[in-house]
1. Name the residue, out of Ser695, Ser628, that is at positive phi, open to solvent by 50 Å² or more (accessible area, probe 1.4 Å), in a loop (DSSP other than H, G, I, E, B) and polar (S, T, N, Q).
2. Test Trp482 against the stated conditions and say whether it is closer than 14 Å to Ser25 by Cα and among the hydrophobic types (A, V, I, L, M, F, W, C).
3. Does region 200-223 include one or more residues that are within 24 Å of Cys56 (Cα to Cα), outside any helix (DSSP H, G or I) and within 16 Å of the ligand (Cβ to nearest atom)?
4. State yes or no: is Ile470 open to solvent by less than 40 Å² (accessible area, probe 1.4 Å) and closer than 30 Å to Glu382 by Cβ?
5. Those residues that are more than 16 Å from the ligand (Cβ to nearest atom), in a loop (DSSP other than H, G, I, E, B) and not aromatic (Phe, Trp, Tyr), I need them from region 48-86; list them, please.
6. Can you tell me which residue within region 466-503, out of those that are under 28 Å from the mean Cα position of the chain (by Cα) and of a type in the set (Asp, Glu), is nearest to Gly525 (Cα to Cα)?
7. Given the condition in contact with a strand residue (DSSP E or B) (Cβ under 9 Å, 6 or more places away or on another chain), over 23 Å from Leu403 (Cβ atoms), in a loop (DSSP other than H, G, I, E, B) and not aliphatic (A, V, I, L, M), answer yes or no: does some residue in region 651-672 qualify?
Amino acid sequence: MPEEGEHMKSIAQKGLIKTSCLMCSLGCGMDVYLEDGRITKVEGMKEHPLNRGILCPKGEAALEYVYSPDRLKYPLIKKNGNWQRISWEEALDTIADKLTTIKETEGARSFATAIGMSVLLSGSITPALIRRFCYIYGSPNCFSVESMCYRCRIISYMLTFGRFRVADPRNSKCIFLWASNPMNSFPTLVEDIHQARKKGAKFIVIDPRRTPLAKEADIHVQPRPGSDSALLLGLMNVIISEGLYDKDFVNQWTFGFDQLAEHVKSYSPAEVEKLTWVSADTIREIARLYATVKPACIVQGTNALDQHSYGLQNSRAVAILQAITGNVDVAGGFIRAPRLRENIIEMPVRPEEKAIGQDRYPIFFGILKREFGEGQTMLLPETLLSGKPYPIKGMIIAGSNPLLTWPNSKKVEQALKKLDFLVVMDQFMSQTANLADIVLPAATFLEKTELCDYYSLWGLPWVMLRKKVISYGECLSDLEFWLKLGKKMGYEEYFPWRNVEQVIDYVLEPSGLTVKKLSEEKPSGFMSDPIQYGVTDFPTPSKKIELYSEVLAKQGQSPLPIFHEPPESPLGSPELFKEYPLILTTGARQLEFIHTQLRHIPSLKKRLSEPFAEINPKTAREYDLSDSEMAMVETKRGRIEIKVKVTEDILPGVISIPHGWAQANVNLLTDETPADPVIGYPSLKALLCRIEKKS
Ligand code: SF4
């Protein structure tokens, strides 16, 4: 059974425990009440600066999740098509034996890992431990959901500023909310925007959907899905041609302004109107507003600007707009939240070969001095099916349900079925877990200790400990599992920590903190360092903000942000458009769920029991569809049945379908082909489809 640190055992005896919610990735502060070893109540933590006492419906449903009768409680092995309970010892022995066989027969490169976000948001510790495990084993093939989630923005901002920056709407006078619906995806941001609005901030929403916040905006702009880069470049055109940019800031801190100014000349408002369906007058109006009301910031949706064939350029363009208006390192603009000083889990050895996709997308693998060290997951299904560049025979997938969450589900299923050996670690028996040979029960956030050092991603230099409050069945934290597997494989030398607390203490060492100190002296967390405003440095090759990116130029990529049509679009592929005359945008977040997770929770199911495809009344009339009627939606890849919701809140000619629903899996319609030429992200926000009444 799991080896627990002594300190965690004592914490679990107390009545009120301060921890951090992980029902989604935000990490709101949560007060947990314990009686006789059972959690009786959870509440929002009032002193936590992110959520200030509020929990969203997901957070409020934490106990339904943790105590769900559907939880996996023990390791399981599939024998003759049936699941049988086994001990952890047996599971670890079997996995270690299989990995040894794969290494001996196929070579270490034929083993891969893939991780999602749900189980694994332990700061950077778990992904780093997994990578360490793979490298010692000899495989370069670590994959994660970041092949299509969030890393695009990190890389774009690093290319531009040399470091990550984040929007600061709390202190802004002009907020652009671009392709984001925080009511569903980032509830705490809604209060930040409302507070800024009360202080007089202008508010512009750019989204093909008329979201609840769009209805409150001063201006709501609905561009054609897939045309964001064009709109961003059109805004730059107006700001530069009308001399509205911040000349002092541009002269002192940016590199490549002349090339940018020349480049955006071709994106006049009139040209951009044709590409985006946004009127030239509106483009001028919002450009002038954004450039003249300061401080201003653009808040991007989690992935809506990223999952495009030019996603990297979208985020580059956002960063550049911040820069040419001087809204960098000022309160209310883009800011840099300091991170705690920590030890990094280093890679003591390197595999001989490169990860799949590393050659093709080197910037995705690592940029400047930062090595992410992952292959591009979108290449994995094809690799599994074709055996090229070499076969992958065994995988461990943790906290991820690729059968529903990776694009092109049919292909993903065929690909995973080719594996000789698949282990899935999760909290529930998912569609992907059902394909596995071994399923491992993962601890929820209330059953494991983690360091929450990632609030700087949300602009808050907050640090706290997520605490193990209870044990459940034989569930293990993902971090504990990798420690144990490392030891089982004989890698003690590289996995010297006896338990999770020791790993966290090692990471915390430079900060002077320990697990004990964090839980006893700072149970609610603390502000690690104040945010430093004022320009400091930009560790790019030019030591300035790179409007023109030399790193991209050296890779043969466009050094300036560009627009090109999505792989499927009315203007870029007119022949296909004749056959599939509607634009499909996928993956809009729903408040009740996070990707495929939380689907077992009764209170959340009651709030939202089924998926629907949003269409405009005009589109509904054209296809003779009524509200709540079943329809077939089809792309080149497949078709699904889904109920339609007829609403004025979406552009005519556009269909929006959420992801994560097994009964209407939108990823049967999407394409996993890497679309972004720099980082290999897929195009999921602007595809072509058709719809018809279900006969
Ligand atoms: Fe938990 Fe909701 Fe906060 Fe996400 S937004 S961390 S689910 S309370």
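The values are calculated or read from the model by the stated rules, or taken from the named source; none is laboratory data. Note that the coordinates shown come from a computational prediction; the quantities given were computed from them, not determined experimentally. Glycine gets a Cβ as well: all are built from the backbone with ideal geometry, and neighbour counts include every protein chain shown. Note: areas computed on protein heavy atoms with side chains; ligands, DNA, RNA excluded. Shrake-Rupley method; radii C 1.70, N 1.55, O 1.52, S 1.80 Å.
1. Just one listed residue meets the conditions, Ser628.
2. No, not satisfied.
3. Applying the first criterion (within 24 Å of Cys56 (Cα to Cα)) to region 200-223 yields 203, 205, 207, 209-217.
Now restrict to residues that are outside any helix (DSSP H, G or I): 203, 205, 207, 209-211, 217.
After this cut, where a residue has to be within 16 Å of the ligand (Cβ to nearest atom) as well, the list is none.
Looking for residues that are within 24 Å of Cys56 (Cα to Cα), outside any helix (DSSP H, G or I) and within 16 Å of the ligand (Cβ to nearest atom), one finds none in region 200-223, hence no.
4. Spelling it out, it is not the case that Ile470 is open to solvent by less than 40 Å² (accessible area, probe 1.4 Å) and closer than 30 Å to Glu382 by Cβ.
5. Taking region 48-86 first, the residues more than 16 Å from the ligand (Cβ to nearest atom) are 67, 69-86.
When the remaining residues are screened for being in a loop (DSSP other than H, G, I, E, B), the result is 67, 69-70, 72-75, 80-81, 86.
Matches in region 48-86: Pro69, Asp70, Leu72, Lys73, Pro75, Asn80, Gly81, Ile86.
6. Result: Glu501.
7. So far as region 651-672 goes, yes, one or more of its residues are in contact with a strand residue (DSSP E or B) (Cβ under 9 Å, 6 or more places away or on another chain), over 23 Å from Leu403 (Cβ atoms), in a loop (DSSP other than H, G, I, E, B) and not aliphatic (A, V, I, L, M).
Condition check ((1) over 30 Å from Leu560 (Cβ atoms); (2) among the charged types (D, E, K, R); (3) crowded, with 23+ Cβ neighbours inside 10 Å; (4) at pLDDT 95 or above) across all residues:
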site	(1), (2), (3), (4)
Ile298	no, no, yes, yes
Asp306	no, yes, yes, no
Arg336	no, yes, no, no
Leu340	yes, no, no, no
Phe372	no, no, no, no
Met395	yes, no, yes, yes
